[in-house]
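All remarks here apply to the structure that follows.
The values are calculated or read from the model by the stated rules, or taken from the named source; none is laboratory data. Since the model is a prediction, treat every value here as computed from it, not as a measurement. Neighbour counts are summed over all protein chains in view; Cβ atoms, including those assigned to glycine, are modelled from backbone coordinates with ideal geometry. Quick note on the areas: whole protein, heavy atoms, side chains included, nothing else; ligands and nucleic acids left out. Shrake-Rupley method; radii C 1.70, N 1.55, O 1.52, S 1.80 Å.
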Amino acid sequence: GAMGPDMEPLFQAWSYFRRRKFAQCSAICSRLLERAPGEQVAGPGWETGHPARARAAAWSLKTRALTEMVYVDEIEVDQEGIAEMMLDENAVAQVARPGTSLKVPGTSQGGGPSPAVRPVTQSGRPITGFVRPSTQSGRPSTMEQAIKTPRTAHTARPITSASGSYPRLGTASMLTNPDGPFIHMSRLNLAKYAHKPKLAKALFEYIFHHENDIKNALNLAALATEHAQFKDWWWKVQIGKCYYRLGLYREAEKQFKSALKQQDMIDTILYLAKVYLRLDQPVTALNLFKQGLDRFPGEVALLCGIARIYEEMNNISSAAEYYKDVLKQDNTHVEAIACIGSNHFYSDQPEIALRFYRRLLQMGIYNCQLFNNLGLCCFYAQQYDMTLTSFERALSLAENEEETADVWYNLGHLAVGIGDLNLAYQCFKLTLVNNNDHAEAYNNLAVLEMRKGHIEQARALLQTASSLAPHMYEPHFNFATLSEKIGDLQRSYTEAQKSEEAFPGHVDTQQLLKQLREHFAML
């Protein structure tokens, strides 16, 4: 995009902004702002222009360009830090009724698959087909567990409120403006800007997204909404967003509801639903989405929101129905295709799942996770010629060690399936080389060690697995069986109880417990 030599600099900057070349746009605006206030700019049409107005336009454009560089869509970002999880003051009922809370797993009403078929996350919900911010974090039951488990897929450190996708205070300005901050927050006269609605909106977004200074953003929004005589819905939504970030969920709810009365917007409905989900009121959020669908029929964001909530509440069949409705409106919706695909896979229909994953491949998605899933579908659909090539492609596309570990783990499963136990052993070892906290691999290695008769190694591996993943029933059950075989009945009993807690419907655990109780009764 070479520009003509005599093009107006401000228009050139605007053109860069339109084409999302924010760095060049910001540089031109900086040059315009560096000139003395009264100085005219050489170039046609600028002699008659109003210098102050041109400066205001350049200032506003630069603010918007810097904001766009670090902009994150608030609706999709939802990461709870340790503090929000463990020190939650907004609990309405300590013991929620079944089917009304996201924090109590096992309220499965839609006949969701059992943990024997579909693995569960730490919070007790079945694994979803698509990684979202809310599925990354399980609700830990103890503070110790919260600190141990990373909240995101990429860091080993538990996320605090400050980390995650929000820029830390003052760090974004270093990335986008190496010379120092563009706007000094402490010197701003917010009341002056609040009276200029056009500048105020750009400034608010800059403070909120770029500087991550929620308090000042809230002050500006409060002054601006007052100046607009509380008639501008946009400001109400922004105040709601600030309250949400500050953890004042009830105040945020009031602002979003007030904004919806003035102007019916899909975004506002999504923000309000986020508030209800954070307050652990999924049924209220569902009702809100369904009312929204009456006013915006067939809106994909609302249908997808309902499907996600059903999935989190373990009501898999309803979730699948809504994901199908999403595909009727938008047949390239990646999340819906992936979730329906994983649902078919865990419902023992790998051939149908394969069609959905192939559809994603046709749409141009080309990553490790997709090839990993294709490999598993091919294996279970008995298309063995495709399986290994898919896994090889997945390994070459893996972006980090966790992904590589998962692919090796699945290859280990494959090896167990075809009876090559030496290959399986190697694959599970490679899994642990890449990800030392892979509980499933520890459990499966223990089973292989048991077959070889190495009791002590198996015990050590199972202990590691059960401490890493207390939410999985397999390590507990295997440990209980092993302890019972070598005569350590007390250990066997405690582990079997843990297994029962993780998966109450597991028949083998029930039988083991019954045997042990009979044994203890005889003693």
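For the reader, a short list of remarks on this structure follows.
- Whenever a residue of segment 60-77 is without any contact (Cβ under 8 Å) to a residue 60 or more places away in the chain, its partners that are open to solvent by 70 Å² or more (accessible area, probe 1.4 Å), lying with C-beta atoms within less than 8 angstrom and at least six residues away or across chains, give the pairs L61/W14; E68/R20.
- Single unsatisfied condition, L288 versus (1) buried (at least 19 other Cβ atoms within 10 Å of the Cβ); (2) within 26 Å of M185 (Cβ to Cβ); (3) more than 21 Å from the chain's Cα centre (by Cα); (4) not acidic (D, E): (2)
- Some residue of segment 369-390 being assigned to a helix (DSSP H, G or I), charged (D, E, K, R) and touching a residue at least 24 places away in the same chain (Cβ under 8 Å): no
- Breaking point among (1) farther than 22 Å from L302 by Cβ; (2) within 20 Å of the chain's Cα centre (by Cα); (3) open to solvent by less than 50 Å² (accessible area, probe 1.4 Å), for P350: (2)
- Of the residues making up segment 428-445, those that are open to solvent by less than 40 Å² (accessible area, probe 1.4 Å), under 21 Å from A480 (Cα atoms) and part of a helix (DSSP H, G or I) are A439, A441, Y442, N443, N444, L445.
- The lone exception for Y206 - which of (1) without any contact (Cβ under 8 Å) to a residue 40 or more places away in the chain; (2) open to solvent by less than 10 Å² (accessible area, probe 1.4 Å) it fails: (1)
- Failed condition for A252, given (1) open to solvent by less than 10 Å² (accessible area, probe 1.4 Å); (2) within 23 Å of I337 (Cα to Cα); (3) modelled with pLDDT of 95 or more: (2)
- Verdict on L302 being modelled with pLDDT of 95 or more and out of contact with any Lys or Arg (no Cβ under 6 Å at 6 or more places or on another chain): yes
- Condition check for L272: at pLDDT 95 or above, buried (at least 21 other Cβ atoms within 10 Å of the Cβ) and under 23 Å from the mean Cα position of the chain (by Cα): yes
- Condition met for F371 (open to solvent by less than 30 Å² (accessible area, probe 1.4 Å) and either at pLDDT below 95 or touching a helix residue (DSSP H, G or I) at 6+ places or on another chain (Cβ under 9 Å) (or both)): yes
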